[in-house]
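> Take a look at this one; I'll ask things after.
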Amino acid sequence: MRIDDRGAPAALLLLALVALALAFWPRYLSDLTSSDRLLHLHAGTATAWIALLGLQATLAARGHVATHRRIGRWAPWLAVAVTALAIATSRRSVGHGLRAGVPVDAETVQTFVLSIGGLTVFVVGAAFGWWRRHDPRAHRSWMLLSGLGLLGAAIQRLLLFYVPGFGSVRWSGHGDLLCCELLCLLGWRGRGSVQARRPFAVGLALFAVTHVVFAAAGSWAPLASAARWWAAP
């Protein structure tokens, strides 16, 4: 079965936004005043990127190519903002688990690995999506991959808060990465051309590498050192 390239991205937008709302309701949306400006900006830009993907897919499917291209000119600037704010948020989140003179705990290292893995997928998808913007099939797949890089955090929190047995960073992280790997596999199988399939093969490889590193997070000392370096002021 092949995925309908024209309708699927726009149809998935609503599902993605609902997933984001459910994932971040317990700790963020239920009490916006408890979060600071950095977290608000990070949430806003990441959500804007997902919304942009849905809007652009809808415009392209309806033949509004000129409007699609005009709006697309702003995508690199938004991608830079998403990346910068994601890095800042990740560094602070990892830093909360660090204590001077105390070994880095496994959950802090796992949080570090998940954030780096998702950010890598986003940057690769957005960069290649912009580079291949004149090839509609490849462009569409790379941009979908960039969205998956951001949605991984929502998937992890959905598992953490709502699914019994996944109430830890370890198990929700494994579930998140497995879901992302399966989505990449479905994306790869659902595309006919090599250009459209390649982004999902790359995404599958990136998530698989992240999964292997994540599994070793509690026992590989260099990862603890990397996490401490990442969060250093």
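Computed from the coordinates by the stated procedures, all read-outs in this text should not be read as laboratory data. As the structure is a computational prediction, the values presented were derived from the model and not from experiment. A quick note on method: Cβ atoms are made from the backbone with ideal geometry, for glycine too, and the neighbour counts reach across all protein chains shown.
> Where does the charge balance sit around residue 115 when Lys and Arg score +1, Asp and Glu -1, over other residues with C-beta under 14 Å from its C-beta? Please report the intermediate quantities before stating the final value.
On the way: positive: 91, 92, 157; negative: 107, 176.
Computed value for this residue: +1.
> Per 0.36 nm of contour for each residue apart, how much would the distance between residue 131 and residue 163 grow if the chain were fully extended, relative to their Cα-Cα spacing?
The span from residue 131 to residue 163 would gain 7.7 nm if fully extended.
> Within the set of other residues whose C-beta is less than 12 Å from the C-beta of residue 89, count the net charge using Lys and Arg as +1 and Asp and Glu as -1.
Every neighbour counted, the sum reads +2.
> Take every Cα pair under 8 Å in the range 118-233 that's 6+ residues apart, average their separations, divide by the length, and report that relative contact order as a whole percent. Spell out each step's value before the answer.
Working: 125 pairs, mean separation 27.3, N = 116.
Computed value for the range 118-233: 24 percent relative contact order.
> Still on this structure, please answer the following. Please tell me the relative contact order of the range 37-140 in percent, rounded to the nearest whole number, where contacts are Cα pairs under 8 Å and at least six residues apart.
Numbers: 51 pairs, mean separation 25.5, N = 104.
Result for the range 37-140 is 25 percent.
> I've got another one for you. Can you compute 3J(HN,Hα) from phi for each residue in the range 134-139, using the Karplus curve 6.51 cos²θ - 1.76 cosθ + 1.60 with θ = phi - 60°, rounded to whole Hz and x for Gly and Pro?
Running phi through 6.51 cos²θ - 1.76 cosθ + 1.60 with θ = phi - 60° gives 8, 10, x, 5, 5, 4 Hz.
> I've got another one for you. Can you run phi through the Karplus equation (6.51, -1.76, 1.60; θ = phi - 60°) for the range 158-172 and list ³J(HN,Hα) in whole Hz, with x for Gly and Pro?
3J(HN,Hα) across the range 158-172, in whole Hz: 4, 5, 4, 8, 10, 10, x, x, 10, x, 9, 4, 4, 7, 5.
> Work through the residues other than residue 128 whose Cβ is under 11 Å from its Cβ and net out their charges, Lys, Arg +1 and Asp, Glu -1.
Numbers: positive: 132, 133, 198; negative: 135.
Neighbourhood net charge equals +2.
> Apply the Karplus parameterisation 6.51 cos²θ - 1.76 cosθ + 1.60, with θ equal to phi minus 60°, to every residue of the range 50-58 and state each ³J(HN,Hα) to the nearest whole Hz, in sequence, with x for glycine and proline.
4, 5, 4, 4, x, 4, 5, 5, 5
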